[in-house]
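Everything below concerns the one structure shown next.
The values are calculated or read from the model by the stated rules, or taken from the named source; none is laboratory data. Being a predicted model, the structure only gives us computed values, none of them experimental. Cβ placement follows ideal geometry from the backbone for every residue including glycine, while neighbour counts extend to all protein chains displayed. Ligands, DNA and RNA are stripped out before the accessible areas are found, and what is left, the full protein with its side chains, is counted by its heavy atoms. Shrake-Rupley method; radii C 1.70, N 1.55, O 1.52, S 1.80 Å.
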Amino acid sequence: MLLAEGLRHSFGAVRALDDVSFGVSSGQTLAVFGPNGAGKTTLLKVLAGLILPQRGRAQVEGGRRAIGWIGHQPQLYGQLTVRENLRFWASLYDVPESEFLLRKDSLLGRLGLQDHEHRRVSELSRGLVQRAAIARALIHDPRVLLLDEPFTGLDRMAAEELRELLSEDAAEGRASVLVTHNVDEGAELATHIAFMRAGRFAHFAPRAGRGPQQVSEDYRNAIA
Amino acid sequence: MRMLQVGRWLTAIGLVLLAGVYVRALSYTPVEQTQGLAQKIFYLHVPAAIWAETAMILVGLASVFYLFTKDPRLDRFAAASAEVGTIFCVIVLTTGPIWGKPIWGTWWTWDARLTFTLFLFLLYVGYLLLRGAVPDPAMRARYAAVLGICGMCEVPFIHLSVYMFPTLHPMPIVLQPGRPKLPGSMLTTWLLSLGVFTLLYVGFVVQRYALSYLREQLEAAGEVGHA
Amino acid sequence: MQSPKLLRHAWTVASKDLLVEFRSRTAILSAAVFVVLVLVVFNFGRDPTAVSNVDLAPSILWVTFTFAAILAMNRAFQLELENQALDGLLLAPIERSSIYLGKLIANLVFVAGVELIGVPLLALFFNVRVLPYLGPLLALIALATIGFVAVGTLFSAMTTRTRFAELLLPVLLLPFMIPPLSWAVLATGRLLAGRPLSEIVGWLNMLAVYDIVFVTLAVFLFPATVNE
């Protein structure tokens, strides 16, 4: 579903990506852990096509239309209601009306937002905004999901819900790449684990049943 | 760096030659009948005006090619050309009123050519300010290229808009095919001056180009922050 | 490039912007207040025996429209930055130029709104006859507005992401406003003075050329302002 071959990119003298290659197939979730400044966000932006890499190529089956992005920014307009926001993004993805209504209801239901559909985003609590942002990212039913520190700012409940949502979707065949600096988050979602340092994959292997603690330990050994 | 030295030499030679042109202009070229000595400024004023405008066109062309090739050399050239163009605009805008005061009896008039140069100058100022306001080099180059291309396309429109002002300006007398009204020695002096200004343009641009290249090397080495 | 899709996405972006503006109403209100203020203050300061209304009105009209336009253009991309939604727009499977066209449409609607307030007020406060020339006047206003709003919308995509943001846009835009504004002011003067229409056709043509050149240029250059 998603293929990266020999990605290289630098900003001035800073090498953000240095020969990164990997593939993620349908139903798999790759979790990339690394300290701040390791090039994780750049990696996601290259995968999304927001940055053209200086070397190598990134390919997503289905192109931009197939990508969903959950970042630490909600990308919602505060003056508009949750519904209007979802509506706007759905029409940019050419989602037909009937499909939009179905997906909107299902997402709002799963995220516990049914009662907030007609409230303005600026009036919502932080946790609710985060949930609305997740609904926004999934409104066009992306086949590939890119997650940039998705758990930052989520309360425990919302984080748990997001995890549930992600594992359900992975079971339906969605491929995901998740980057975060916090090893405790998301390790159990991953089918594959990578550690990133200074633009390189220091470790890249299937999770193979490792629990969060084991992953943490491996991370410390690989990075420190 | 060699390029910087070449630029300095070209500029130095240009300045010496400019002094030479003025010796010739003051001592060996006839004094214009109605304007008197004030006319001598024309050897400075007109070539500077020509190069001020040409520099903008060159900024635009370099910008077009930059957007296609993303070659940083083109961006550096565009920046250098804009800086030199700005200086030449300043020369035009200062010599104009100096000449205008005795001849027209006023420092400033909304005359077409003077106004044109003023707007050209504002175009350059905007371009340089935009460059200064963007820290990231790649983004700066792209933004500057967009503005440079717009600037180039804007030049003919400014021409069109300023020529609607009633004018006191002397009409071009150098490039009128069929009737060279300018006495031969004046024309020679003027052509010499145009040549000298061409040399000065090249010299300044080479210097600025070399300097920005050096600065980029330093930035890349992380020794200085973003300029 | 499929043009129906391009325009549909552009309209989606524009209607979203207009809805946001309609909800907050901050920009349109301050622009409207400014228009009223300028028209009133100019009336206090002028000596009707020295300068006739018809001579003064065109300049005042265009000063207010220009200000309103700059206000709108500064907001266009600020809105995306505030909500950090620009990356989302760039990620969506739409042509980059539809984002530009959407912003352009929203800005034009905004400025048109201000102009619809300004023209009747001008007619009222300055006692100039507008009705007989309403058709040509509106055409003239539309043509001139499209020109500099097209350039300004392109520039605002860049300036909102620079250090000086709102300060930089008017500086960059100034030389680009001169041609359409000078033609518009001259033509408005002729119109209000009741001169025959044939006198302003030349200006209208030039404004149209300016619009075509810069809208086309902006559509092609806009992607360069957002691609990394």
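Per-residue mean of other chain beta-carbon atoms within 10 angstrom of the beta-carbon, peptide C:166-178?
Rounded to a whole number, the mean comes out at 6.
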For this session: On a 0 to 90° scale, report how tilted helix A:97-110 is relative to the longest principal axis of chain A, with both axes built from alpha carbons and the result rounded to the nearest 10.
Result: 70
Problem set entry | Karplus (6.51, -1.76, 1.60) ³J(HN,Hα), θ = phi - 60°, over the range C:85-95, in Hz, Gly and Pro reported as x | 9, 5, 4, x, 5, 5, 7, 5, x, 10, 5
Problem set entry | Helix axis angle, C:53-82 relative to chain C longest principal axis, alpha carbon, degrees | 10
Problem set entry | Sequence ranges C:150-160, A:96-106, ranked by mean other-Cβ count within 10 angstrom, highest first | C:150-160, A:96-106
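Ranked highest first by the average count of other Cβ atoms within 10 Å around their residues, in what order do C:110-119, A:17-26, B:72-81, B:96-105 fall? Walk me through the numbers on the way to the answer.
Numbers: C:110-119: 19.8, A:17-26: 17.8, B:72-81: 22.5, B:96-105: 15.6.
Sorting C:110-119, A:17-26, B:72-81, B:96-105 by mean packing, highest first, produces B:72-81, C:110-119, A:17-26, B:96-105.
Rounded, prolate or oblate, given the Cα gyration tensor of chain C, with a/c below 1.5 counting as rounded?
prolate
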Seminar exercise, completed: Expected integer from the mean partner chain Cβ neighbour count at 10 Å over B:135-142 is 3
For this session: Rank-order B:189-195, C:169-175 by packing density, defined as the average count of other C-beta atoms within 10 Å over each peptide's residues, highest first.
Result: C:169-175, B:189-195
Exercise. Considering the range A:77-141, what Rg and Dmax in Å follow from its alpha-carbon atoms?
Worked result: 10.6, 30
Problem set entry | Candidates A:G211, A:G49, A:G34: whichever shows maximal mean-square fluctuation once chain A is modelled as a Gaussian network with Cα springs under 10 Å | A:G211
Exercise. Considering only C:L39, C:V119, C:V171, whose Cα is most displaced toward the positive end of the charge dipole of the range C:3-226, charges sitting on Cβ of Lys, Arg (+1) and Asp, Glu (-1)?
Worked result: C:V119
Seminar exercise, completed: Expressed per residue, the solvent accessible area of the protein assembly as shown in Å² (1.4 Å probe) is about 43
Exercise. Any idea of the total accessible area buried by the C-A contact, 1.4 Å probe, rounded to 100 Å²?
Worked result: 2500
For this session: Leaving out ligands, DNA and RNA, calculate the buried accessible area for the pair B and C with a 1.4 Å probe, summed over both sides, in Å² to the nearest 100.
Result: 2500
Exercise. Under the definition of partner shielding as Cβ atoms of other protein chains within 10 Å of a residue Cβ, what is the mean value for peptide C:91-97?
Worked result: 6
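Report, to the nearest whole %, how much of the accessible area of the range A:77-141 belongs to carbon and sulfur atoms, 1.4 Å probe, protein only. Present the calculation step by step, with values, prior to reporting the outcome.
Numbers: 1230 of 2570 Å².
Here carbon and sulfur together make up 48 percent of the probe-accessible area.
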Problem set entry | Values of log10 I(q)/I(0), in the order q = 0.08, 0.09, 0.10, 0.12 Å⁻¹, for the protein assembly as shown under a Debye, Cα-only, solvent-free model | -0.75, -0.90, -1.04, -1.28
Seminar exercise, completed: Relative to chain C, whose Cα atoms define the longest principal axis, helix C:26-45 and its Cα axis are tilted in degrees, nearest 10, by 20
For this session: Before anything else, pin down the relative contact order of chain C: Cα pairs under 8 Å, at least 6 apart, normalised by residue count, whole percent.
Result: 28
Exercise. Semi-axes of the range A:131-224's equivalent ellipsoid from the Cα gyration tensor, sqrt of 5 times each eigenvalue, largest first, rounded to whole Å?
Worked result: 24, 14, 13
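Kindly state, to the nearest 0.05, the FRET efficiency for B:I98 paired with C:T26, given R0 = 45 Å and r defined as their beta-carbon distance.
My answer for the efficiency is 0.40.
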Problem set entry | Efficiency of FRET between C:A193 and A:D141 - r from beta-carbon atoms, R0 56 angstrom, step 0.05 | 0.35
